[in-house]
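Visitor: Can you read through this structure? Questions will come right after.
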Amino acid sequence: MRKLDVLIIGAGAAGLMCAIEAAKRGRRVLVIDHARKPAEKIRISGGGRCNFTNLHCSPANFLSQNPRFHISALKRYTQQDFLTLVEKHRIPWHEKTLGQLFCNDSAQNIIDMLLTELSDAGGKIQLETSVISIDKPDDQFKVVTNHEDIQTHSLVIATGGPSIPKMGATGFGYEIANRFGIGVIPTRAALVPLTFSDANKDLCKRLAGVSVDAIVSFGKTSFQEGLLFTHRGLSGPSILQISSYWQEGKPITVNLSPSQDAFQAFKAARIATPKQDLKTALGQLLPNRLADELSKEYKLVGRLADLSDKILKKAGDAINSWQLTPVGTEGNRTAEVTIGGIDTKELSSKTLEANKVPGLYFIGEVVDVTGHLGGFNFQWAWASGHAAGQAV
Ligand code: FDA
């Protein structure tokens, strides 16, 4: 029987950060993962360059049933702390937009940095290791893996959410929670493209590849970023962001021309160029392909001089407040994260330890804390991993 102070299941962003911090404190630490390589989601993140944090990270960038839960961990390990670590390892980085920090070269730089920190601190990692059973017969945990039996004082669940199953993602963390009677907030895919089944699906298909800057809203929540038409529906940062808020059966509103009031622009054009066709006027606000398709779809045609305010208002609304109801999302196959997870009521916000089960910790994406797009999810992984790493 191998004896440990800390066993961490999941060698992703949160698990590795927790392992580093615990090992630095002199704890005997092992991280296990069933995958062949560690931190696969870091490797593919940010288009291969890892958007590792965000300069403007604040608690408002996260969704959770308890919007105050994540404040403590994020305060104690900030975006600046992670940036200091990146700079210590001389990893070249840049700010892309909206405070999003990326590696200049490769996300592998971040993985190598974490593995170097772990081995320097004396922590160990073992891959291709699956958990067969977990028990807590006394004040310690007994974990049986496909390699050995392990006895540990602290057990940290850092197995992430079920998005991108082909990368090794599972719902393992929720099973462990159930096993110990710990509540789980229902989960669903987030930061994910939206799909359509009606005429809008065909419209999106015809426009596949077209992108615009847009404001996408659901209820009182709005994001202004890029929007991309795809063969199945809508994607791009603004759509991924709103997918975390969207509720089934309800419409989203898209402003395809955020800097212009289209109705006012058409009225002005009717005075300046009365012979102009509405379709041409649309083309002055939108990419030509998009203007063409919207004009066909909503019959936005005719000489401006012949069109009433009512018709121009309808055309303006099609651009500035286009309402459309998604039928669903692309699901876990492509989602960047999972909304929901371990109920934060069950955890200490300071240490991430389960209230009911001393010694059991949940960190990272498996917890019901989900960040906006832009480096926030990794910042939560670093911060929650760091918080538990100080306590285990
Ligand atoms: P993570 O998923 O990273 O790690 C969990 C680990 O547990 C994995 O190594 C897995 O193999 C292992 N595991 C799972 N089940 C197991 C089991 N039963 N037994 C043993 N091991 C098990 N975020 C961001 O801030 N910036 C970005 O640029 C991106 N980009 C991005 C792109 C794509 C395509 C995706 C899918 C996601 C992102 N994200 C992101 C989100 C980010 O990747 C995510 O929030 C973090 O990786 C979560 O870190 P965790 O450590 O919690 O889980």
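Visitor: Which whole number in µm²/s is D for the chain by Stokes-Einstein, with the Kirkwood Rh taken over Cα pairs at 20 °C and 1.002 mPa s?
Guide: Answer, rounded: 95 µm²/s.
Visitor: I'd like the orientation of helix 13-24 relative to the chain: the angle between its Cα long axis and the longest Cα principal axis, in ° from 0 to 90, rounded to 10.
Guide: For helix 13-24, the angle is close to 30 degrees.
Visitor: On to the next question. May I ask you to compute the full-extension gain from His56 to Ser348, defined as 0.36 nm times their residue separation minus their alpha-carbon distance, rounded to one decimal in nm?
Guide: 102.6 nm
Visitor: Okay, moving on. Going Cα to Cα from Lys275, which lysines come in below 21 Å? Please leave out same-chain ones fewer than 8 positions away.
Guide: Partners within reach: Lys267, Lys296, Lys299, Lys310, Lys313, Lys314.
Visitor: Right, another one. Whole angstrom only: what separates the Cα centroid of segment 173-218 from the Cα centroid of segment 311-348?
Guide: If you average the Cα positions of each part, the centres end up 6 Å apart.
Visitor: Around Ala11, under 10 Å between beta carbons, what's the net of Lys plus Arg minus Asp minus Glu among the other residues?
Guide: -1
Visitor: Mean projection of the alpha-carbon convex hull of segment 96-180 over all orientations, in nm²?
Guide: 8.4 nm²
Visitor: Please say if segment 299-392 is rounded, prolate or oblate, where rounded means a/c under 1.5 for a ≥ b ≥ c the square roots of the C-alpha gyration tensor eigenvalues, and otherwise the choice is prolate for a/b larger than b/c and oblate otherwise?
Guide: Judged from the Cα gyration tensor, segment 299-392 comes out prolate (a/c at least 1.5, a/b above b/c).
Visitor: Something else about it: Starting from the Cα-Cα distance between Ala305 and Arg43, subtract it from 0.36 nm times their residue separation and give me the gain in nm to one decimal.
Guide: Value of the extension gain: 88.7 nm.
Visitor: Explain nothing, just the number: dipole magnitude of the chain about its Cα centre with +1 on each Lys and Arg Cβ and -1 on each Asp and Glu Cβ, in debye rounded to the nearest 20.
Guide: My answer is approximately 640 debye.
Visitor: Using a Gaussian network model of the chain with C-alpha springs under 10 Å, which one of Glu336, Glu297, Glu365 is most mobile by mean-square fluctuation?
Guide: Most flexible of the set in this elastic network: Glu297.
Visitor: Now, a different point. Please enumerate, by chain and number, the lysines with C-alpha under 17 Å from the C-alpha of Lys220, excluding those fewer than 8 residues away in the same chain.
Guide: Counting by Cα, and skipping residues close in sequence, Lys220 has these lysines nearby: Lys250.
Visitor: Still on this structure: Add +1 for every Lys or Arg and -1 for every Asp or Glu among the other residues with Cβ under 10 Å from the Cβ of Glu40, and state the total.
Guide: Local charge sum for Glu40: +4.
Visitor: Relative to a virtual label point 7 Å from the Cα of Gln151 in the Cα→beta-carbon direction, which members of segment 348-363 show backbone nitrogen distances below 19 Å?
Guide: 358-360
Visitor: A follow-up question, please. Can you give the net charge of the other residues whose Cβ lies under 15 Å from the Cβ of Ser259, counting K and R as +1 and D and E as -1?
Guide: Local net charge: -3.
Visitor: Where a ≥ b ≥ c are the square roots of the eigenvalues of the C-alpha gyration tensor, would you call segment 208-357 rounded, which needs a/c under 1.5, or, failing that, prolate if a/b is larger than b/c, or oblate?
Guide: It is prolate, given that a/c is not under 1.5 and a/b is the larger ratio.
Visitor: A further question on this structure: What distance in nm separates the two pseudo spin-label positions at Lys142 and Tyr298, each 7 Å out from Cα along the beta-carbon direction?
Guide: 6.7 nm
Visitor: To continue, here is another question. For segment 7-92, what does the alpha-carbon gyration tensor say about shape, rounded, prolate or oblate, given a ≥ b ≥ c as the root eigenvalues, a/c under 1.5 as rounded, and a/b over b/c as prolate?
Guide: Rounded, because the longest to shortest axis ratio a/c is under 1.5.
Visitor: Students often forget the sequence filter, so: which lysines lie under 22 Å Cα-Cα from Lys75 once same-chain residues fewer than 8 apart are removed?
Guide: Output for Lys75: Lys24, Lys88, Lys345, Lys350.
Visitor: Moving on. I'd like the orientation of helix 376-389 relative to the chain: the angle between its Cα long axis and the longest Cα principal axis, in ° from 0 to 90, rounded to 10.
Guide: 20 degrees
Visitor: Another question, then. By per-residue mean of other Cβ atoms within 10 Å, what is the highest-first order of 184-190, 132-138?
Guide: For the peptides 184-190, 132-138, the packing ranking is 184-190, 132-138.
Visitor: Another question, then. Where does helix 262-272 land angle-wise versus the long Cα axis of the chain, in degrees 0 to 90, nearest 10?
Guide: The answer is roughly 30 degrees.
Taken together, the values in this text are just the output of simple stated rules run on the coordinates, not laboratory data. Since the structure is predicted, the reported quantities are computational estimates derived from the model, not experimental observations. Cβ sites come from the backbone with ideal geometry, for glycine too, and all protein chains shown count toward neighbours.
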